[in-house]
1. Can you go through 38, 13 and tell me which one is over 27 Å from residue 173 (Cα atoms) and either touching a strand residue (DSSP E or B) at 6+ places or on another chain (Cβ under 6 Å) or modelled with pLDDT of 70 or more (or both)?
2. Is at least one residue of the stretch 164-181 over 28 Å from residue 4 (Cβ atoms) and outside any helix (DSSP H, G or I)?
3. Do we have residue 173 as under 30 Å from residue 11 (Cβ atoms), at pLDDT 80 or above and surrounded by fewer than 13 Cβ atoms within 10 Å (Cβ to Cβ) here?
4. Scanning the stretch 109-145 for residues that are in contact with a helix residue (DSSP H, G or I) (Cβ under 6 Å, 6 or more places away or on another chain) and either surrounded by fewer than 13 Cβ atoms within 10 Å (Cβ to Cβ) or assigned to a loop (DSSP other than H, G, I, E, B) (or both), which turns out modelled with the lowest pLDDT?
5. Among the residues of the stretch 68-89, which ones are in contact with a strand residue (DSSP E or B) (Cβ under 7 Å, 6 or more places away or on another chain), surrounded by 15 or more Cβ atoms within 10 Å (Cβ to Cβ) and not in a strand (DSSP E or B)?
């Protein structure tokens, strides 16, 4: 019985590992700007426009974030977006998808299908945006991880080094848990 459980765990381990590697490769080499995984996208925060004095716990919830944080955005129908939601959107005048903003909705006009947003650290509202510019609602954030991802994207040698370290750790863990001794 123990052998069967270990065999199943070993298979699950390799399936998860292959899934992670396949996802990473697909995201890295896919040139589409609208990539998502199960309706979720990730973004790295580039500015402090949403920085506030909120706690680290509130940052994990996506209520506040700062430069270098990783955001988890759930693709959402604009009609379901409410005032006070933090949304990621394509700013007016930039249709190529090269720039995204993530700010809090301060006003919604359901008739005109438009929104007004503002960064929590900003004094002024952003220009009005149409509902089609909304990507989704922030559902979570991971503080500091965006900095690591940006470094890995900018430095292929760092990416290779981290991948080798990761694979060595997986090998050690695999031998420890799945050895027959």
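1. Values: 13 fails: over 27 Å from residue 173 (Cα atoms).
Checking each option against the conditions leaves just 38.
2. For the stretch 164-181, residues over 28 Å from residue 4 (Cβ atoms) and outside any helix (DSSP H, G or I): absent.
3. Working: under 30 Å from residue 11 (Cβ atoms): yes; at pLDDT 80 or above: no; surrounded by fewer than 13 Cβ atoms within 10 Å (Cβ to Cβ): yes.
So residue 173 does not fit the description; no.
4. At the first step, the residues of the stretch 109-145 found to be in contact with a helix residue (DSSP H, G or I) (Cβ under 6 Å, 6 or more places away or on another chain) are 113, 131, 134, 141, 143.
Going one step further and asking which of them are either surrounded by fewer than 13 Cβ atoms within 10 Å (Cβ to Cβ) or assigned to a loop (DSSP other than H, G, I, E, B) (or both), we end up with 113, 143.
Values: 113: 94, 143: 85.
Here the residue is 143.
5. Across the stretch 68-89, the qualifying residues are 69, 76, 78, 81, 85.
The values are calculated or read from the model by the stated rules, or taken from the named source; none is laboratory data. What you see is a predicted model; the values in this text were computed from it and never measured. Cβ atoms come from the backbone with ideal geometry, glycine included; neighbour counts cover every protein chain shown.
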